[in-house]
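Participant: Input: one structure, supplied below.
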Amino acid sequence: MVYLIGVDHIIQHSGYMNSEKECAITDFQHYLRDQVQSLGVTLLAEEFSTDALQLNGVSVSTVGQVAREIGLRHLLCDPGREERRNLEISTIAAREAYWIQRLRLFKENETIFVCGDDHISSFSNVLHSANWSCRVLGTGWGSPLNPMRRENV
């Protein structure tokens, strides 16, 4: 089973921190820990890459921090810039197909997959088309932190 959580990517890293973001990340990480425990999750995966970590000046994502703390495997599923070029990944559909390939080795795991809110519907469809079970746990995490999305919250 893949459990989806939709986020604004701003909550996936601790770069450019302020007190509002720190509180939001703390709440998000607490929510992740609760979901892991209640659902018997054995893998935390996310739409994030090593390039995204570097771009935001961090060495581990907020999801990765939770995985480390509780001793779970963590998987960054998004291709970096060079890999996108090499594999000719230029569309959302191609990226989502890449994610499912990354997850394929862990199909038997109970997995939480954190991705951008705008991927929840389309990635759910990709998972269902590939005969994977999935369920959306929630969306909107981090949206109030993004000035471009505040008016939409």
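Participant: If amide hydrogens are placed 1.01 Å from N in the peptide plane, which non-local residues have theirs closer than 5 Å to the one on Tyr3?
Facilitator: Thr111, Ile112, Phe113, Arg135
Participant: Can you work out ³J(HN,Hα) from phi for every residue in the stretch 84-92, in order, using Karplus 6.51 cos²θ - 1.76 cosθ + 1.60 and θ = phi - 60°, giving whole Hz and x for Gly and Pro?
Facilitator: Computed from phi, the couplings for the stretch 84-92 are 4, 5, 4, 8, 6, 8, 10, 10, 4 Hz.
Participant: Could you tell me the extents of the stretch 23-67's C-alpha atoms along the three principal axes, largest first, rounded to whole Å?
Facilitator: 33, 24, 13
Participant: Could you please state, rounded to a whole Å, how far the C-alpha centre of the stretch 47-85 is from the C-alpha centre of the stretch 1-23?
Facilitator: First find each Cα centre; the distance between them is then 12 Å.
Participant: While we're looking at this one, here's another question. Using a 1.4 Å probe on the protein heavy atoms, what percent of the accessible area of the stretch 103-153 belongs to carbon and sulfur?
Facilitator: Working: 1420 of 2910 Å².
After summing per-atom areas, the C and S share lands at 49 percent.
Participant: From Cα pairs below 8 angstrom and at least 6 apart in sequence, can you work out the relative contact order of the chain, rounded to a whole percent?
Facilitator: 44 percent
Participant: Which FRET efficiency value, to the nearest 0.05, is calculated for Leu105 and Asn18 with the Förster distance at 25 angstrom and r the Cβ-Cβ distance?
Facilitator: 0.10
Participant: Counting only heavy atoms of the protein chains, get the accessible area per residue of the chain (1.4 Å probe) and round it to a whole Å² value.
Facilitator: Each residue of the chain exposes 52 Å² on average to a 1.4 Å probe.
Participant: With runs of 4+ DSSP H residues as the only contributors, calculate the mean residue ellipticity of the chain at 222 nm using -39,500 (n - 2.57) per run, divided by the residue total and rounded to the nearest 500.
Facilitator: About -13000 deg cm²/dmol.
Participant: If you build a Gaussian network model of the chain, linking Cα atoms that sit under 10 Å apart, which residue out of Glu46, Glu110, Glu83 swings the most?
Facilitator: Glu83
Participant: Please identify, among Ile89, Ile11, Ile70, the residue showing maximal mean-square fluctuation in a Gaussian network model of the chain using a 10 angstrom Cα cutoff.
Facilitator: Between Ile89, Ile11, Ile70, it is Ile70 that shows the largest mean-square fluctuation.
Participant: If a/c stays under 1.5 just call it rounded; otherwise compare a/b with b/c (prolate if a/b is bigger, oblate if not). Do that for the stretch 1-123, with a ≥ b ≥ c from the square roots of the Cα gyration tensor eigenvalues.
Facilitator: In terms of gyration-tensor shape, oblate.
The values are calculated or read from the model by the stated rules, or taken from the named source; none is laboratory data. Note that this is a predicted model, so its numbers are computed, not measured. With ideal geometry, Cβ positions are generated from the backbone for all residues, glycine too; neighbour counts draw on all protein chains shown. Just the protein is used for accessible areas: all its heavy atoms, side chains included, with ligands, DNA and RNA removed. Shrake-Rupley method; radii C 1.70, N 1.55, O 1.52, S 1.80 Å.
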